[in-house]
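What follows is a set of notes on a single structure, which appears directly below.
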Amino acid sequence: MSNSEENLNTTFLNKNSPLRVKKVVVLTTAMLTFIPFWKAAAVVLCDFGSSAFYVGGIAMRAFGQAFPWYVIAVMLFAGAMLAVYTESCSMFVRGGVYKVVKEGLGGTVAKVATGAIMFDFVLTGPISGVSAGHYLSGLINSLFHHFGVTMYIPENTFAVCFAILVTMFFWYQNVKGIEDSSDKSAKIIIFAFFICVILFVWSIVTIAKRGAVLPTFALDFSDHAYGWVKPTLLQKIGMLGVVMAIGHSVLALSGLETMAQVFREIEYPKIKNLKKAAIIVFIFALVFTGGLTFLSSLIIPPEIIGQYSENLLSGLSMQLWGPQGLKLILQALVVFAGVIMLSGAVNTALIGSNGVLNRVAEDGVLTDWFRNIHPKYGTTHNIINVVAITQILIIVLSGGKVYLLGEAYAFGVLWSFVLETAAIVMLRFKNREKKREFMVPFNIKIKNYYFPVGITIILLILVALAGVNLFTKKTATITGISFTVFLFIVFWISEKLNAKKANAMFEEGHREKINTKNVNSLEEVLGKLNKPNTTLVAVKNPSNLYHFEEVLKTLDENTTDVVIFYAKPVTESRFGRNVSFAPTEENELFTKVILSAEKFGHRVMPILVQSNDAFYAISQVAKASGANQIVMGVSGSHGANNQLERLVMAWGALKKEELEKKINVRILWEGREVSHTLE
């Protein structure tokens, strides 16, 4: 999907026609290309799954050899959070933290939640890039040692340089607006799964040869991990230590916000496919992140495991049973998988940041400077620039220390979860009449309310974790609150400066932005239609799209292409007078079309034709596209029978040969339908 996902890329056909069609415009938006559930899962896992490469080492440095138990516990809890995100997506196609929290808790809290999730995103890129640098430098040093080269690469310095280069590369890619291909994400995850299988099988062989001892449950917190909490307090409140340990491991949940970002791209049926994607994400993450972390603790000797705190899975590959040469090859494969997954997470962080801030901009909170479109590429480049610069600054300040970045990381993850979950609980009561295709399990129905027992328990757990983290993670608390307050102030000032435009945007509603370019022929436009059937849906009034949604409800996308057609009136002269047609706001019209297509998850091709005869234009496009069905809404000025009569006359004037297939014409409005067959 394109990074400039809010833009409609349009193509013009400038062709003077004696038959009254003046100009054709095709909206070839990548936004209207939908992906299957397994590709959506791959996109999420490229971000969420990448934490497998660093979370174990960070947790180990915080509280000792018990780290695998708590990483697995967090991965199990990920199932609950995936359920929360599934319910939020069932309410808002274009959702995410900002939208959900705004609807549930109000605009002020939504700005705070946005600050928290942005803190997560601006740290995701640095920690992923730095971690990838450590894996790569560790491999190079292993190769130097194996071949007797007396050279050593300083890992922290190398990690900083590598992370900066990766960030700059994806900054340039995002400014250009190159598509974040779900196909690439799927290939990365398939390769990572292949490496995971090798590590699992080889680890089982190693354990069979050497034996293994289960890791301890005893917690051994480092001095830094206590934060402001006194160690003696743990003796008085035993569970506090468990909550602290989970809090130091919870950064493994970063990346779940991608679920909300990718939901709009999932094909029909959306919620059913989202649930399938969530199950895949949960199982893969549990096995990949939890399983490999656990195997690392079993196989790497306790006395040397600390050496691999920055690249734990490399340590696992090098401590397996077998020839050194084969282990180096496996380490290289692990590093390659890690570098591409972690680099993908750098890219996802930029895309996610841009997406979140564009959601905020849609409400008029940000000034035009933030929303400024790149003159060549059509992307919101100022947002991308600011995020990339912030990430590079964080990389430099971290000095290449993954643990330091991990210490700050958990603030954004936890508090965005807390506020989103609280908002969903509130929406259960505020919007109880709104139908949901999915709800977090364990609910008690009392009259018209579904009392949210399950999601309330999840919220309480999150509040406990977030509260304890405030006092035990100094770095996270200080930097996270500072960043969130700073961004809130930016939002507040920007909203004040943008107040007039924000009010206008509120009254007008959201509008997609339109860019244009020329093409040479109508055949070039309609040549993309390659399915056995084509349905042409004529639209005009943004408030009358009932017929379009009825088509989407029953559409078989495997066999049918859908062309959305709008005939824009042009001024013409009749009997010596200029006749003006009241124009429909096509930007509003196609915005509604796109939102409906996203809601149902079906791909459509929107077309605009300038013409002084809408019915002739419909006939010409139907003939050129080989349509076997034309669907229209009833016109308030003509009426259904008159519409059919005018279309039949236009069709008779255009048709010059027998059709290969008959065209069924349907005029739909609520509860009624008029139909006719063109032959």
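Set the Förster radius R0 to 56 Å, insert the Cβ-Cβ distance between residue 212 and residue 603 as r into 1/(1 + (r/R0)^6), and round the FRET efficiency to 0.05.
Efficiency, rounded to the nearest 0.05: 0.65.
Any idea how far apart residue 389 and residue 559 come out in nm if each label point goes 7 Å out from Cα toward Cβ?
Calculated label separation equals 5.6 nm.
Could you put 369, 669 in order, starting from the residue whose Cβ has the fewest other Cβ atoms within 10 Å?
369, 669
Work from the charge dipole of the chain (Cβ charges, +1 for Lys and Arg, -1 for Asp and Glu, about the Cα centre) and give the residue of 383, 605, 73 farthest towards its positive end.
Positive-end residue among those listed: 605.
If we restrict to alpha carbons, what Rg and Dmax does the chain come to, in Å?
When restricted to the Cα atoms of the chain, Rg and Dmax are 28.3, 98 Å.
Expected output is a single nm value to one decimal: the length gained when fully extending between residue 321 and residue 624, i.e. 0.36 nm times separation in residues minus the C-alpha distance. What is it?
Difference between extended and current length: 102.4 nm.
Place a point 7 Å from the Cα of residue 432 along the Cα-to-Cβ direction; which residues of segment 447-491 have their backbone N under 20 Å from it?
Within reach of a label on residue 432, which here means backbone N under 20 Å from a point 7 Å along Cα→Cβ, segment 447-491 contributes 447-457.
For segment 534-562, list residues with backbone N below 19 Å from a point placed 7 Å from the Cα of residue 662 toward its Cβ?
What the label zone holds, given the 19 Å backbone N cut-off, is 534-536.
Under a point spin-label approximation (7 Å from Cα along Cα-to-Cβ), what is the residue 533-residue 168 distance to one decimal in nm?
5.5
Under 4 °C and 1.567 mPa s, how fast does segment 45-132 diffuse according to Stokes-Einstein, given a Kirkwood radius computed over C-alpha pairs? Answer in µm²/s, whole number.
Answer, rounded: 86 µm²/s.
Can you compute the helix-only [θ] at 222 nm over the chain? Use -39500 (n - 2.57) per DSSP H run of at least 4 residues, normalise by all residues, nearest 500 deg cm²/dmol.
-19500 deg cm²/dmol
Please identify the DSSP H helices in the chain that span no less than 27 Å along the helix axis (Cα) and have a mean Kyte-Doolittle hydropathy of 0.0 or more.
Qualifying helices: 67-91, 107-146, 155-176, 182-210, 324-362, 402-430, 453-472, 474-497.
If you take the charge dipole of the chain about its Cα centre, with +1 on Lys and Arg Cβ and -1 on Asp and Glu Cβ, which of 347, 627, 671 is farthest toward its positive end?
Selected residue: 671.
With r defined as the distance between the Cβ atoms of residue 648 and residue 546 and R0 fixed at 22 Å, what FRET efficiency is calculated, to the nearest 0.05?
0.45
Two decimals is fine: what is log10 I(q)/I(0) at q = 0.10, 0.20 Å⁻¹ for segment 384-464, from a Debye sum with one equal scatterer on every Cα and no solvent?
Result of the Debye calculation: -0.43, -0.88.
Size of segment 249-328 along its principal axes in angstrom, Cα-based, largest extent first?
50, 26, 17
How high is the FRET efficiency between residue 481 and residue 304 when r is their beta carbon distance and R₀ equals 45 Å, given to the nearest 0.05?
For residue 481 and residue 304, the calculated efficiency is 0.75.
Have a look at the DSSP beta bridges in the chain and tell me what percent are antiparallel, nearest 5.
45
Past 26 Å, Cα to Cα, is the threshold; run 176/270; 500/592; 39/272; 99/496; 99/500 against it and keep the listed order.
Going by Cα-Cα distance, 176/270 fall outside the 26 Å limit.
Residue 679 versus residue 65, label points 7 Å from Cα toward the beta carbon: distance in nm?
About 8.7 nm, to one decimal.
Once you keep just the Cα pairs under 8 angstrom separated by 6 or more residues, what percentage relative contact order results for the chain?
24
In debye, nearest 20: dipole of the chain around its Cα centre with unit charges on the Cβ of K, R (+) and D, E (-)?
Dipole size: approximately 720 debye.
So for the chain, taking the charge dipole from beta-carbon charges (+1 Lys/Arg, -1 Asp/Glu), which of 490, 616, 367 sits furthest toward the positive end?
Positive-most Cα among the choices belongs to 616.
All of the numbers you see were taken from the coordinates with simple rules; none came from a lab. All values derive from a computational prediction rather than experimental measurement. Backbone-built Cβ (ideal geometry, glycine too); neighbour counts: all protein chains shown.
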